Each structure stands twice: as C-alpha cells, then as structure tokens.
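Structure first, commentary second.
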C-alpha cells in the first residue's frame with residue numbers, strides 16, 4: 001500500500017514539525033538462534049536531528065540509532081484525529097517503519113493520528129507508538145485549537 005493510497009488528504013500539509021527517531025536494534029538469544037528485534041525508544045524534536053542515520057550507542061547485543069530528517073506533517077482534515085489523541089490519557093506519536101533488505105528497519109512516517117497509524121498497521125508496515133514530547137504536544141495542541149471545531153451533538157429523529 002502506498003503512502004498516497006492511505007492518506008485521504010492530497011493537499012500540502014498546513015504545518016511541518018521536524019523530528020528524529022531513536023531506533024534500537026537488539027539481538028535476542030532464542031534457543032540456539034539469535035533473533036533481531038527492532039523498537040523505537042522515542043522521538044527527538046527540532047532540527048538537531050539532521051537527515052541521515054547516526055550510531056549513538058553500540059553494545060555487544062544492541063545498537064541505538066538516531067534517524068533524522070523526518071517530520072510530523074499536520075493536515076487540516078485530520079485535526080479530529082489529533083484532537084482524540086491529545087484528549088486521551090497518554091498522547092502519542094506513531095512511528096511507521098518498513099523492513100529494509102538485509103534485516104534493517106527504516107522509519108518513513110510519523111503521525112499523530114491513530115486512525116492513520118492503524119491503516120498502515122493493516123499493511124506490512126510496523127507501527128511503534130511513542131510518548132509525544134511536550135514541545136510537540138504544544139505545537140499539535142495549538143494546531144488543533146486553530147483548525148478543529150467539534151460538531152455539536154444532535155438528537156436523532158426516530159423514523160417510524
């Protein structure tokens with residue numbers, strides 16, 4: 001499934017927030033084998049996370065990478081999804097990754113919309129939810145307050 005097939009919006013994003021992803025690779029022993037496991041530790045906000053992949057830490061069985069050059073793109077037609085995310089107990093960002101040839105993992109999209117993340121999860125992509133950093137929370141909150149108005153609840157009429 002392509003990125004454009006999932007995203008309903010074809011318009012340019014209203015706002016872009018530069019982010020980097022801290023990705024962990026671990027070799028876990030299972031019986032006589034070693035199994036590679038990937039997970040996302042979190043996201044780093046700001047332009048400090050320059051484009052590219054940088055090794056932060058290397059141990060016997062694990063490596064920690066910073067993948068920069070990503071961004072959270074906010075679209076007006078997805079503001080309701082952002083609002084639901086922010087109004088929950090634990091606001092999250094969703095890092096969507098694809099396996100690379102050779103066993104690697106490459107994050108290619110970060111979203112604050114849980115429904116968009118679920119659509120990617122239905123495909124072959126891996127979705128890693130991570131806590132939303134406070135500085136990103138403030139920017140998304142400002143965006144939602146500017147662009148989203150909840151619809152008033154209406155009573156339904158009975159059809160006899």
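Key figures
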{"read-out": "Selected residue (criterion: farthest from the chain's Cα centre (by Cα)) from residues of segment 85-105 that are surrounded by 15 or more Cβ atoms within 10 Å (Cβ to Cβ) and not in a strand (DSSP E or B)", "value": "104"}
{"read-out": "Test: residue in segment 65-83 that is surrounded by 13 or more Cβ atoms within 10 Å (Cβ to Cβ), free of Cβ contacts under 8 Å to residues at least 40 places away in the same chain and not in a strand (DSSP E or B)", "value": "yes"}
{"read-out": "Single match in 81, 103, 20, 52 (criterion: farther than 16 Å from residue 140 by Cα and at pLDDT 90 or above)", "value": "20"}
{"read-out": "Subset of segment 127-147 (residues that are in contact with a helix residue (DSSP H, G or I) (Cβ under 8 Å, 6 or more places away or on another chain) and either without any contact (Cβ under 8 Å) to a residue 40 or more places away in the chain or surrounded by fewer than 15 Cβ atoms within 10 Å (Cβ to Cβ) (or both))", "value": "127, 129"}
{"read-out": "Boolean, residue 72 is modelled with pLDDT of 80 or more, within 20 Å of residue 93 (Cα to Cα) and in contact with a helix residue (DSSP H, G or I) (Cβ under 7 Å, 6 or more places away or on another chain)", "value": "yes"}
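The values are calculated or read from the model by the stated rules, or taken from the named source; none is laboratory data. Quick caveat, the model's predicted, so the values are computed rather than measured. So basically every Cβ, Gly included, is an ideal-geometry build from the backbone, and we count neighbours across all protein chains shown.
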